[in-house]
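Read through the structure below, which is laid out as structure tokens, and then see the notes.
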Amino acid sequence: MMTKIEQQAMEAVIGIHREMKKVNGPDWEQRRYELAKEIFLRRMVHFGLTTIDSDIEDSVAWADRLIAELQKGK
């Protein structure tokens, strides 16, 4: 059985590890936004708008697919 101090120390170490992981890892939500925005803009330039809802949904779907592939490489 761990003492209260040992428990607190372990929780502190776990918390520090989580924070370091956040700082060192990519911000996937930010990457998703950037990818979806870029895909949407390029679709507009090359193909024009079909329907805004469809173009937005397609752009986000492509961004999600790209993020999934990037995350596989971890």
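Which percent of the accessible heavy-atom area of the chain goes to carbon and sulfur, probe 1.4 angstrom? The value for the chain is 61 percent carbon and sulfur by accessible area. Each Lys and Arg adds +1 at its Cβ and each Asp and Glu adds -1 at its Cβ; summed about the Cα centre, the chain shows a dipole of about 280 debye. Solvent-accessible surface of the chain, averaged per residue with a 1.4 angstrom probe and all protein chains in place: 88 square angstrom. In percent, rounded to a whole number, the relative contact order of the chain is 32, using alpha-carbon pairs under 8 Å and six or more apart. Only lysine pairs 8 or more places apart, or on different chains, with alpha-carbon atoms under 19 angstrom apart are counted in the chain, and they number 4.
Treating the chain as a set of equal point scatterers at the Cα positions, no solvent, please give the Debye-formula log₁₀ I(q)/I(0) at q = 0.13, 0.16, 0.26, 0.28 Å⁻¹. Relative scattering, expressed as log10 I(q)/I(0), comes to -0.57, -0.68, -1.09, -1.17. What 222 nm value per residue comes from the helices of the chain, counting each DSSP H run with n ≥ 4 as -39,500 (n - 2.57) and dividing by all residues, nearest 500 deg cm²/dmol? The helix-only estimate for the chain comes to -29000 deg cm²/dmol at 222 nm. One decimal place: the segment Ala61-Asn24 gains 10.7 nm when fully extended, by the rule 0.36 nm per residue minus the C-alpha distance.
The values are calculated or read from the model by the stated rules, or taken from the named source; none is laboratory data. This is a predicted model, so every value here is computed, not measured. When we count neighbours, we look across all protein chains shown, and the Cβ atoms used for this are built from the backbone with ideal geometry, even at glycine. Surface accessibility is based on the protein's heavy atoms, side chains included, excluding ligands, DNA and RNA. Shrake-Rupley method; radii C 1.70, N 1.55, O 1.52, S 1.80 Å.
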